[in-house]
Amino acid sequence: MTLDETVACIGAGHAGVQLAESLRTEGFAGRIVLIDEQEHLPYSRPPLSKEFMTGTEMAPLPLKGASWYAAHDVTLHTGTRATSIDRERRRVHLEDGSALGWNHLVLAQGARARTLDVPGSTLAGIHTLRTLNDAKGLRAPLARSNRVVVVGAGFIGLEFACAARATGLDVTVVDPAGRALARSVSSVTAAALVSRLEAAGTHFSFETSVLAFQGEDHVRRVLTSNGDLDADLVVIGIGVVPRDELAHEAGLEVDGGIVVDSALLTSDPNITAVGDLAVSSSTGARTECVQNAADQARYVAQRIVGKTAEQYAHVPRFWSHLGPNRLQIVGTWTGSDNSELAGNPDGAFSIRHYRGSSLIAVESVNQPREHMQARKALESRLSVA
Amino acid sequence: MPTITYRQPDGSTLSVAVSDGTSVMRAALENDIRGIIGECGGQAMCATCHVYVGSTPELPPIAEEEQEMLECTAAPRDPARSRLGCQLKAGSDFEAIEVEIPARQV
């Protein structure tokens with residue numbers, strides 16, 4: 001590590017900014033450059049689909065104040081798209097024609113919202129919700145709409161449905177799956193949350209596919225496999241697509257994300273990938289959450305300065321906030337072979353998931369104490385492993 | 001304007017003037033105050049904006065979710081002074097407040 005070394009990071013989201021902070025904390029003395037096509041000061045994403053949507057906060061929550069970047073000698077190239085990666089010369093080319101040399105390159109562009117390609121999907125009034133601009137673009141329509149259709153019963157869809165319902169709108173959530181949060185939580189937790197949202201007036205239509213949108217310029221109706229719905233606002237929340245195009249064009253191994261090894265290195269040992277776009281070569285999975293992005297970035301900073309030679313290991317944590325319902329998850333429940341309910345599914349409860357006799361994940365609704373205890377238990381096991 | 005004074009574990013302090021509605025957590029992030037993380041974005045979900053409230057007017061009571069998160073902070077909880085910075089809002093909760101930042105958040 002020398003003063004003239006450069007770490008360049010494409011993407012200034014949760015992972016990119018954490019990487020910069022951790023590199024400085026760990027004593028990295030070289031150049032740090034963050035490149036991001038969004039023009040904003042890097043911001044926190046979780047509030048966008050929640051309190052930011054209903055307008056109590058006018059400005060996004062910054063990840064760091066504007067003065068932080070200069071104070072820590074971190075160069076922020078926002079509003080600039082990286083157009084290609086030259087692995088041989090170790091350069092990133094930017095859309096303004098300039099090029100930036102690096103010793104280590106970190107790819108942290110995250111993912112983009114998946115879009116729905118059906119007739120009428122380009123009509124006005126059909127939105128996705130992923131970025132600050134998306135969130136800003138939804139506030140005014142939310143204030144003047146009456147009937148909202150949310151396509152997709154994942155976290156973003158349900159969070160937006162809650163925000164829209166809280167402002168008194170008529171909200172229907174449609175999903176082709178048989179239940180909500182199919183990839184994220186167990187069926188007991190999903191059913192409990194859906195019944196609470198239903199009690200608060202949100203309608204659900206499962207096993208329902210969107211066939212087309214209708215309207216003149218602006219969406220007025222949603223045609224589904226289960227009947228038609230009037231709508232003057234539609235939000236599509238059907239998951240994300242990792243932004244791995246640059247990596248792919250540069251010849252890095254890509255398979256549903258940028259493939260990384262146990263040290264988060266890509267198929268080029270000088271290039272790392274972190275956050276939503278990184279897919280583990282051992283599990284074939286990506287982990288989409290803020291805490292994973294931050295934890296991976298902290299690890300990579302330590303690895304770059306030579307403070308760790310260990311593999312990256314962590315216990316994933318997720319949370320969501322659906323009106324008064326606070327969902328917290330620690331661990332990965334999908335490999336469980338037995339589960340135990342603690343508490344009342346109509347009130348506060350947790351579901352503890354086991355593989356054999358060992359605890360592997362806990363889902364909690366309105367039981368933060370249970371969540372934190374589970375987190376400590378699972379994380380302490382990791383540190384002795 | 002309401003003011004927030006942050007005291008670091010080494011005793012150094014910094015006061016910032018903030019607009020109404022700004023939380024202790026948000027003001028820390030906006031003003032480059034070390035030691036406050038705010039990983040969850042201000043939803044009392046992560047307990048990484050734990051502060052010890054110093055000289056203070058009367059603050060609103062601690063809601064149940066904040067109560068439970070405070071039991072799990074990285075630095076020890078002080079039953080009389082621990083709060084989550086994201087739950088304290090300038091204007092409605094205080095006009096002037098001094099908070100001490102704990103040595104650890106994660």
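Quick look at the values:
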item: Long-range neighbours under 6 Å by Cβ, at least six apart or interchain, first residue more than 10 Å from every other protein chain (Cβ to nearest Cβ) within segment A:278-296, second among the β-branched types (Val, Ile, Thr); result: A:Ala278/A:Ile258; A:Ala278/A:Val260; A:Val279/A:Val259; A:Ser281/A:Val259; A:Arg286/A:Val279; A:Gln296/A:Val274
item: Qualifying position, being more than 9 Å from every other protein chain (Cβ to nearest Cβ), farther than 21 Å from A:Ala294 by Cβ and touching a strand residue (DSSP E or B) at 6+ places or on another chain (Cβ under 9 Å), among B:Ala90, B:Ala63; result: B:Ala90
item: Test result for A:Ile258, touching a residue at least 60 places away in the same chain (Cβ under 8 Å), in contact with a Pro (Cβ under 8 Å, 6 or more places away or on another chain) and away from every other protein chain (no Cβ under 14 Å); result: yes
item: Per-region count, segment A:63-91, residues within 12 Å of chain B (Cβ to nearest Cβ) and exposed (fewer than 15 other Cβ atoms within 10 Å of the Cβ); result: 4
item: Selected residue [more than 14 Å from chain B (Cβ to nearest Cβ), outside any loop (DSSP other than H, G, I, E, B), touching a Phe, Trp or Tyr at 6+ places or on another chain (Cβ under 9 Å) and touching a residue at least 24 places away in the same chain (Cβ under 8 Å)] from A:Val234, A:Val330; result: A:Val234
item: Criterion (touching a strand residue (DSSP E or B) at 6+ places or on another chain (Cβ under 6 Å), touching a residue at least 40 places away in the same chain (Cβ under 8 Å), more than 9 Å from chain A (Cβ to nearest Cβ) and not small (Gly, Ala, Ser)) met by exactly one of B:Val16, B:Val53; result: B:Val53
item: Single match in A:Gly347, A:Gly284 (criterion: modelled with pLDDT of 90 or more and on the phi > 0 side of the Ramachandran plot); result: A:Gly284
item: Selection status of B:Ala47, over 25 Å from A:Val365 (Cβ atoms), among the hydrophobic types (A, V, I, L, M, F, W, C), within 14 Å of chain A (Cβ to nearest Cβ) and crowded, with 22+ Cβ neighbours inside 10 Å; result: no
item: Residue check for A:Ala177: out of contact with any strand residue (DSSP E or B) (no Cβ under 8 Å at 6 or more places or on another chain) and at pLDDT 95 or above; result: no
item: Residues of segment A:352-385 that turn out to be surrounded by fewer than 21 Cβ atoms within 10 Å (Cβ to Cβ), among the polar types (S, T, N, Q) and within 14 Å of another protein chain (Cβ to nearest Cβ), as a count; result: 4
item: Count of segment A:22-62 residues which are within 14 Å of another protein chain (Cβ to nearest Cβ), touching a residue at least 60 places away in the same chain (Cβ under 8 Å), buried (at least 17 other Cβ atoms within 10 Å of the Cβ) and over 22 Å from A:Thr128 (Cβ atoms); result: 1
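The values are calculated or read from the model by the stated rules, or taken from the named source; none is laboratory data. Note that this is a predicted model, so its numbers are computed, not measured. Don't worry about glycine lacking a Cβ; one is built from the backbone with ideal geometry, like all the others, and counts go over all protein chains shown.
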